[in-house]
Amino acid sequence: MEVWDEIEVPKNVKDIFVEMKNTAELMVDLAYSSVLFQEKEIAEEVLELEEYLDLLNYHLMVHAVLAARKPKEAEQITSILHMAHAIDDMSNAAADLAKMVLEDVELHPVITEAILGSEEIIGKIYVSADSLLVGRTLEELDLATNTGVWIIAVRRGKRWIFDPDGDFKIFPGDILIGRGTNTSIDYLKEVARGNIKVMGNE
């Protein structure tokens with residue numbers, strides 16, 4: 001488990017707030033993924049991210065208190081703290097989903113149907129050796145633009161890579177966990193299988 005106290009956090013209220021928002025969004029995506037695919041490793045990552053978000057929330061409150069020197073500033077800071085509280089609630093809900101997976105709670109089929117029935121879904125994409133994705137980085141591929149799918153995690157053998165950055169290079173056999181519409185997920189699956197040889201603006 002990460003020792004979050006040793007992690008350098010952003011230095012101002014705005015950057016901390018943005019980091020909280022991005023972390024909470026990743027937690028929700030990963031929590032849904034853990035439920036859909038019954039992956040305990042993903043669920044464990046959600047709980048680790050919850051600890052990180054708690055640390056961010058603490059630093060946000062400290063910075064906010066120090067920044068409010070006048071009543072007007074205090075009023076503005078209060079709205080940020082309300083939003084931060086809402087983000088924290090989202091992260092807690094994502095953690096509750098993850099705990100259900102870790103505790104082997106039998107989930108009603110309607111939960112899976114609800115996740116798959118939403119406008120954006122979570123998909124599992126297998127990368128074959130002859131796919132044009134192989135050997136290229138996420139930055140080069142720009143999958144969000146070219147396919148409409150955001151990659152939130154990758155399974156490589158027995159190892160998980162969460163929230164991969166632009167330098168991440170795709171290998172044959174990788175399993176991508178992506179968020180997008182049904183159409184965009186299906187399209188990326190065809191690209192990953194090698195059935196589509198040209199993608200987007202290439």
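The values are calculated or read from the model by the stated rules, or taken from the named source; none is laboratory data. The structure presented is a predicted model; accordingly, all values stated were derived computationally and were not measured. Quick reminder, even Gly has a Cβ in these numbers, built from the backbone with ideal geometry, and neighbours come from all protein chains shown. Please note that ligands, DNA and RNA were not included when accessible areas were found on the heavy atoms of the full protein model with its side chains. Shrake-Rupley method; radii C 1.70, N 1.55, O 1.52, S 1.80 Å.
Quick notes on this one:
Every residue, every condition in (1) in contact with a Phe, Trp or Tyr (Cβ under 9 Å, 6 or more places away or on another chain); (2) surrounded by 11 or more Cβ atoms within 10 Å (Cβ to Cβ); (3) part of a helix (DSSP H, G or I); (4) among the hydroxyl-bearing types (Ser, Thr, Tyr), yes or no:
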residue	(1), (2), (3), (4)
GLN76	no, yes, yes, no
LEU97	yes, yes, yes, no
ILE115	yes, yes, yes, no
GLU119	no, no, no, no
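- Filter result for LEU55 (crowded, with 22+ Cβ neighbours inside 10 Å, outside any loop (DSSP other than H, G, I, E, B) and either modelled with pLDDT under 95 or on the phi > 0 side of the Ramachandran plot (or both)): no
- Those residues of the range 139-151 which are open to solvent by less than 30 Å² (accessible area, probe 1.4 Å) and either under 22 Å from GLU41 (Cβ atoms) or hydroxyl-bearing (Ser, Thr, Tyr) (or both), in sequence order: THR147, VAL149, ILE151
- Just one of the listed residues (ILE177, ILE170, ILE125, ILE111) is open to solvent by less than 30 Å² (accessible area, probe 1.4 Å) and closer than 19 Å to ALA98 by Cα, namely ILE177.
- Looking only at residues of the range 180-189 that are surrounded by 17 or more Cβ atoms within 10 Å (Cβ to Cβ) and touching a residue at least 40 places away in the same chain (Cβ under 8 Å), we find that the one that is nearest to SER118 (Cα to Cα) is GLY180.
- Criterion violated by ILE42 - all others in (1) open to solvent by 60 Å² or more (accessible area, probe 1.4 Å); (2) in contact (Cβ under 8 Å) with a residue 12 or more places away in the chain satisfied: (1)
- Elements of type helices (runs of 4 or more DSSP H) in the range 134-202, at least 2 residues being of a type in the set (S, T, N, Q): 143-146, 182-193
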